[in-house]
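Below is one structure, written out as structure tokens; comments come after it.
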Amino acid sequence: MKNEWPLWEIFIRGQHGMSHRHVGSLHAPDAEMAIKNARDVYTRRNEGVSIWVVEAKHISATAPGDKGPLFEPSESKIYRHPTFFDIPEEVGSM
Amino acid sequence: MYAQMIKTASAGVKSREEMTDQEREFQDKIDNDIKIEPRDWMPDDYRRTLIRQIGQHAHSEVVGQLPEGNWITRAPTLERKAILLAKVQDEAGHGLYLYSAAETLGESRDELVRLLHEGRMKYSSIFNYPTLNWADIGAVGWLVDGAAIVNQVALQRTSYGPYSRAMIRICKEESFHARQGYHAIMKMAFGTPEQTRQAQSAVDRLWFPAIMMFGPTDADSTNSDQSMAWKIKVKSNDELRQQFVDQTVPQIEYLGLDLPDPNIKWNEERGHYDFSDPDWSEFFNVIKGNGPCNVDRMKDRVAAWDDGEWVRDGLLAHAQKKAAAKVAAE
Amino acid sequence: MSVDKQQLLQFLLRQGDNTLVLGHRVSEWCGHSPILEEDIALANTALDLIGQTQMWLGYAAEVQGEGKTADDLAFLRDAWDFRNVLLVEMPNGDFGQTLLRQFLFDAFQSVLMGRLMKSSDEQVAAIAAKASKEIAYHVERSADTVVGLGDGTEESHDRMQAALEYLWPYAGEMFESDDTDAAMAAAGVAPDPAGLREEYDALIGKVLGEATLTIPDSRYNHKGGRNGAMHTEHLGHLLTSMQWLQRAYPGCEW
């Protein structure tokens, strides 16, 4: 419908020191109202200390079909993980 | 349930041989409990069925504000008023989360609302019953939300990611609803004789409508197979109904109220309570629009939407002016 | 300087009745707002107001010293014992009228709470400290909405202007002062409301200007709510709903 308020994606920092996390979406006429609406809709139970809003149409995303080329090549690079390396116990924690 | 009698947009469950490669890959993901996400390929029928189900679920939350909202201005104490208002506000929030989930499938909230208001989409039968005394408010929280929780807990495992996540958030908030309802009706059941009478009346009137919420019996539930295969529906109507009855009967007994159905009896052999079928002709009538409150509920919703049009348009027009002025200034 | 208990009680009833009656009015919107986001926001405002009521009337009952509770004061007094300003009992009207009423009240509360936080009465100061955070958000939100609707479409502008003309004669009562106010001011409990007008006018002048709304010239205002001399006809109906259960089934636990 032509007069529908734009859709906004809402990200909330739940506690100090944590990253903002996507919690859902809502409608608002502009960014300021989106922040206020997010406060009223998504922090009713004391869930947040900071809010980000992004208009949904501005989010770019990977295509599901590219999952193979994008994410599978890293599967074989197991040496990037600390557990790949056996270090003798005598050496102590590392 | 909040989504009853969802017509599956499909001719029936396809065998693996009948499926295309894409369909088989899709079904494999579901069978392996891998969530389907908005941009993933999905059969059109899956998308259409989900829009219908999530939309109906969302409509139910929003129309569901009305019967309880009917008592906000008459709540007997400041605390009860705050609790009820917070509870009904949650329902608006749940409607909002669910519309958002439907929007990820490409259907706008305004469009779903339009379909509801034109009578082309439905909401749960339960909200077409009136709330007539204060004990009804306790009974709605306890029985109606209790029945909803039984269904929604199961739906947390549904195959569509955004729907499943909405259910998880809703269930987390919803556990307060049933508890506040039971707490309120306890006060009534254990109160003065007049209060007890109201509590009994509430249970008597709302019991059958509550167990109707799970939809027709499995034998009469024609749309289930495909939805179960797609994990849009996770347990059958009768399974969920039995689960609800089993958990609720002892709660009625604790209140010291008479059971609302003389046929409720523990069946040792089945390990479940037996109970009477609700009057299914009444159910189908309510679905068709002949419940005690169908007309008034829709009138209220349509009025809220239509009367609010100038507000939505006004605020949007202002936002657009502001944005244009900002661009001009740059 | 010691405070006259009766005067302090009057002052507390004024605070508590304002939030009680307005909270009730705002709660009437639940399920009927123009869009879900606004429905949820209005419910939050109403919940804050109910919470503030519990604090103000709770303290009032304590000062009264008759063993009553906030609920007794809310549900068992008749209209003439209510001490709220007439503005808050005015009907909701359309969404614009509700938000304009909210803004006119929020703006007053935001000016008043700043002073009450420094009250010589510790409990008043504590209530004001808690309420002031809620009110800071309320006034921001209601001001934004008034600006948005005033400077929105032609229809929304006209409706907001009509709402302002309807409600304006009720704004002035918030600044009336009498013996109670003088006693509160002398004891350092609360400021004389008359002295808050200038700051208030500056605040609402700025917002209503941005909203392209014209403040009516007349300074005439209705009054009678703050001392109970004369309420509007609307209050009786509001109390009829609000108090019905407590009146019909006295002495019950709920």
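No value in this document is a laboratory result; all are computed from the given coordinates. What you are looking at is a predicted structure, and each value in this text was computed from that prediction instead of being measured. FYI the Cβ positions are ideal-geometry reconstructions off the backbone, even for glycines, and counts take in every protein chain you see.
Please list, in chain and number order, the residues 5+ apart from A:Ser50 or on another chain whose amide H is under 5 Å from its amide H, with Hs placed from the backbone.
A:Arg13
³J(HN,Hα) across the range C:81-93 via Karplus (A = 6.51, B = -1.76, C = 1.60, θ = phi - 60°), whole Hz, x for Gly/Pro?
Values, residue by residue: 8, 7, 10, 7, 5, 4, 3, 6, 8, 4, x, 4, x Hz.
Nearest 20 debye, what's the magnitude of the dipole of the range C:77-209 about its Cα centre given +1 on Lys and Arg Cβ and -1 on Asp and Glu Cβ?
Taking the Cα centre of the range C:77-209 as origin, the dipole is about 440 debye.
If one takes the longest principal axis of the Cα atoms in chain A, at what angle in degrees, from 0 to 90 and to the nearest 10, does the Cα axis of helix A:31-42 lie?
Tilt relative to chain A: about 70 degrees.
Go through B:Lys81/C:Lys68; B:Lys322/C:Lys130; A:Lys57/B:Lys7 and tell me which ones have a Cα-Cα distance over 24 Å in this structure.
B:Lys322/C:Lys130; A:Lys57/B:Lys7
Of C:Ser177, C:Val26, B:Asn32, which is farthest on the positive side of the dipole of the protein assembly as shown, counting Cα position, with +1 on Lys and Arg Cβ, -1 on Asp and Glu Cβ, and the Cα centre as origin?
Highest projection toward the positive end goes to B:Asn32.
Given springs between every Cα pair under 10 Å in a Gaussian network model of chain B, which of B:Leu98, B:Leu132, B:Leu66 has the largest fluctuation?
With Cα springs under 10 Å in chain B, the top fluctuation among B:Leu98, B:Leu132, B:Leu66 is at B:Leu132.
What is the magnitude of the charge dipole of the range A:7-85 about its Cα centre, with +1 placed on the Cβ of each Lys and Arg, -1 on the Cβ of each Asp and Glu, and no other charges, expressed in debye to the nearest 20? Could the numbers behind the result be given before it?
Numbers: 10 positive and 9 negative charges, 58 e Å.
Computed about the Cα centre, the dipole is about 280 debye.
Mind ranking B:143-152, A:33-42, B:26-35 by how tightly packed they are, going by the mean number of other C-beta atoms within 10 angstrom, highest first?
Ranked by mean Cβ neighbours within 10 Å, highest first: B:143-152, A:33-42, B:26-35.
Order of B:Thr222, A:Thr83 from fewest to most other C-beta atoms within 10 Å?
The most exposed by this proxy come first: A:Thr83, B:Thr222.
If we count other beta carbons within 10 Å of each Cβ, what is the order of A:Ile51, A:Ile78, C:Ile35, fewest first?
Result, fewest neighbours first: A:Ile78, A:Ile51, C:Ile35.
If you plug each phi of the range C:244-251 into the Karplus form 6.51 cos²θ - 1.76 cosθ + 1.60 with θ = phi - 60°, what whole-Hz ³J(HN,Hα) values come out, in order, with x for Gly and Pro?
Karplus values, whole Hz, x for Gly and Pro: 4, 5, 5, 6, 6, 10, x, x.
Fewest to most neighbouring Cβ within 10 Å: what's the order for B:His117, A:His81, B:His94?
Ascending Cβ contact count within 10 Å gives the list A:His81, B:His117, B:His94.
Which of the lysines could a cross-linker span from A:Lys77 if the Cα-Cα distance has to be under 23 Å and same-chain partners fewer than 8 positions apart are dropped?
A:Lys67
Helix by helix through chain B, keep the DSSP H runs that span 18 Å or more along the axis on Cα and average at least -0.5 on Kyte-Doolittle, and give those back in order.
Sorted by number, the helices that extend far enough and score high enough are B:78-103, B:161-189, B:193-212, B:309-329.
Less than 14 Å Cβ to Cβ from C:Tyr220, Lys/Arg counted +1 and Asp/Glu -1: what total charge do the surrounding residues give?
Numbers: positive: C:Arg219, C:Lys223; negative: C:Glu165, C:Glu173, C:Glu176, C:Asp217.
For residues surrounding C:Tyr220, the net value is -2.
Out of A:Thr62, B:Ala154, C:Gly236, whose Cα points farthest toward the positive end of the dipole of the protein assembly as shown (charges: +1 Lys, Arg; -1 Asp, Glu; placed on Cβ)?
With unit charges placed on the Cβ atoms, the residue in question is A:Thr62.
Taking the Cβ of B:Met213 as the center, what net charge do the other residues with Cβ under 11 Å away carry, scoring Lys and Arg +1 and Asp and Glu -1?
That works out to 0.
Please compute the net charge surrounding C:Gly58, taking Lys and Arg as +1 and Asp and Glu as -1 over other residues with Cβ under 11 Å from its Cβ.
Computed value for this residue: -2.
Could you check the simple spin-label distance between C:Ala194 and A:Thr83, using points 7 Å along Cα→Cβ, in nm with one decimal?
7.8
Run the numbers on chain B and let me know its relative contact order in percent, using alpha-carbon pairs under 8 Å that are six or more apart.
21
Tell me the relative contact order for the range A:7-85 as a rounded percent, counting alpha carbon contacts under 8 Å between residues six or more apart.
Relative contact order comes out at 31 percent.
In whole Hz, what ³J(HN,Hα) sequence does the range A:82-90 give by Karplus (6.51, -1.76, 1.60; θ = phi - 60°), x for Gly and Pro?
Each residue of the range A:82-90 in turn: x, 5, 5, 9, 8, 10, x, 4, 4 Hz.
Counting every Cα pair in the range B:179-256, what percent are over 15 Å apart?
Value for the range B:179-256: 64 percent of Cα pairs lie more than 15 Å apart.
Rg (Å, one decimal) plus Dmax (Å, integer) for the alpha carbons of the range A:4-73?
Every Cα atom of the range A:4-73 included, Rg and Dmax give 14.6, 43 Å.
Specify the inter-centroid distance of the range B:175-195 and the range C:154-176, based on alpha-carbon positions, in whole Å.
Computed from Cα coordinates, the inter-centre distance equals 43 Å.
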